[in-house]
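Read-outs: derived from the displayed coordinates by stated rules, not from any lab. The shown structure was predicted, so the numbers you read here are calculated from the model rather than taken from an experiment. Here Cβ is always computed from backbone atoms with ideal geometry, including for glycine, and neighbour counts include all displayed protein chains.
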Number of protein chains: 2
Amino acid sequence: MKHDKDIDGLIALMARLPGLGPRSARRAVLHLIRKRDQLLGPLAQSMQRVADTARECLNCGNVGTADLCAICADETRATGLICVVEDVGDLWAMERAGVFKGRYHVLGGTLSALDGIGPDDLRIPQLLHRLSAEHVTEVILALNATIDGQTTAHYIADQLEHRDVALSSLAQGVPIGGELDYLDDGTITAALNARKRF
Amino acid sequence: MKHDKDIDGLIALMARLPGLGPRSARRAVLHLIRKRDQLLGPLAQSMQRVADTARECLNCGNVGTADLCAICADETRATGLICVVEDVGDLWAMERAGVFKGRYHVLGGTLSALDGIGPDDLRIPQLLHRLSAEHVTEVILALNATIDGQTTAHYIADQLEHRDVALSSLAQGVPIGGELDYLDDGTITAALNARKRF
């Protein structure tokens, strides 16, 4: 292709975004150029601002534009209650539900023997440190229901065994709106074992 | 959601790109923040550069970062041969095929009675001007095979009737790799009518 060098460069960078391939990157860049005043300029400035300031929260590992993320800096949120998640995407998913009002701790992944990821590669030592520093009374494990996620949950549970802190994990069962016919055996088994009085 | 204000703003802008919704915009922004040195910073600068310099080529209507686009400024390309396309995306598609070595003329849309788009809303007067200014000997109509595209093609053909210039349009027929069973009746009819000796 023989476009402009700058435009080609922009297309190549856009194509590296998850969910965009070369074709959709071209379409997006063309759209951006058509709307260069309303969209391309503001987007460039917004990206530059985030690129200049984005960092991991020193406390919980969430992303933000200050040393403490918006959640850790929010004094209206309960302290003493920490929800442990694998990554920032999971934290955002929890926040969208909008029901949890405590603090988070982002591990930055899961234990994985295959990938050689041990406890010190995650933010598990920081979690143990926060338990005493923040007078934590309950830790909620909101890890993915995958093998690695559950391995990590069990490891953290072991670490907390002799600490004076309540430990819980998200309930497993039938998702809201879910149809039994489409659920896997594991989910149905978990839902049956955890059945409760109607 | 209670993220950082700057990050929320970036997600909202990204969600306005074609092909990205709120969910994929969040995923893209998270990816950008993780790769802020390799990707977010360069992307912001690339966007700013294009936002500052992108404009329509004064001659053909292609987008570029100078008054004359890369194609119009390329002296190795044939003059006297103009390929008329609806929009820049179509021009890029022609360029990807890489077989056309003349110049382009981007109309910026098609005639449309429904949307109130007449000849003066497109770049048809500029096309007529170029015919004499550039000593054009052949005009190739590469308009989409839609009702509006073909209406526009006929209008341009009428305008060129008494000019000393050859007029052609892209062949219609079976696409390369196409299977007859999946083709519509119109395409098969066109391919049959335009059949050629084997």
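What the table below lists for this structure:
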{"quantity": "Calculated Rg and Dmax of the protein assembly as shown using C-alpha coordinates, Å", "calculated": "29.1, 94"}
{"quantity": "In the protein assembly as shown, lysine pairs closer than 30 Å at Cα, eight or more apart or cross-chain", "calculated": "17"}
{"quantity": "The range A:1-99, relative contact order [Cα under 8 Å, separation at least 6], %", "calculated": "12"}
{"quantity": "For A:Asp115, net neighbour charge (Lys/Arg +1, Asp/Glu -1) across residues whose Cβ lies under 12 Å away", "calculated": "-2"}
{"quantity": "Value at 222 nm in deg cm²/dmol, rounded to 500, when DSSP H runs of n ≥ 4 in the protein assembly as shown each add -39,500 (n - 2.57)", "calculated": "-12000 deg cm²/dmol"}
{"quantity": "At 7 Å out from Cα toward Cβ: B:Asp52 inter-copy label distances (nm, ascending)", "calculated": "1.4"}
{"quantity": "Cα principal axis extents for the range B:63-169, largest first, Å", "calculated": "39, 29, 25"}
{"quantity": "For chain A, built as a Gaussian network whose Cα springs stay under 10 Å, the top-fluctuating residue of A:Ile147, A:Ile176, A:Ile117", "calculated": "A:Ile176"}
{"quantity": "Isotropically averaged projected area of chain B, using the convex hull of Cα atoms (one quarter of hull area), nm²", "calculated": "16.9"}
{"quantity": "Separation between Cα centres of the range A:28-59 and the range B:120-159, rounded to whole Å", "calculated": "38"}
{"quantity": "Beta bridges by DSSP in chain A, antiparallel share as percent, to the nearest 5", "calculated": "20"}
{"quantity": "Relative contact order (%) - criterion: Cα under 8 Å, at least six apart; region: chain A", "calculated": "13"}
{"quantity": "Top of A:His31, A:His129, A:His162 by mean-square fluctuation, Gaussian network on chain A, Cα under 10 Å", "calculated": "A:His31"}
{"quantity": "Chain B: most fluctuating residue of B:Gly109, B:Gly178, B:Gly41 per GNM, C-alpha cutoff 10 Å", "calculated": "B:Gly178"}
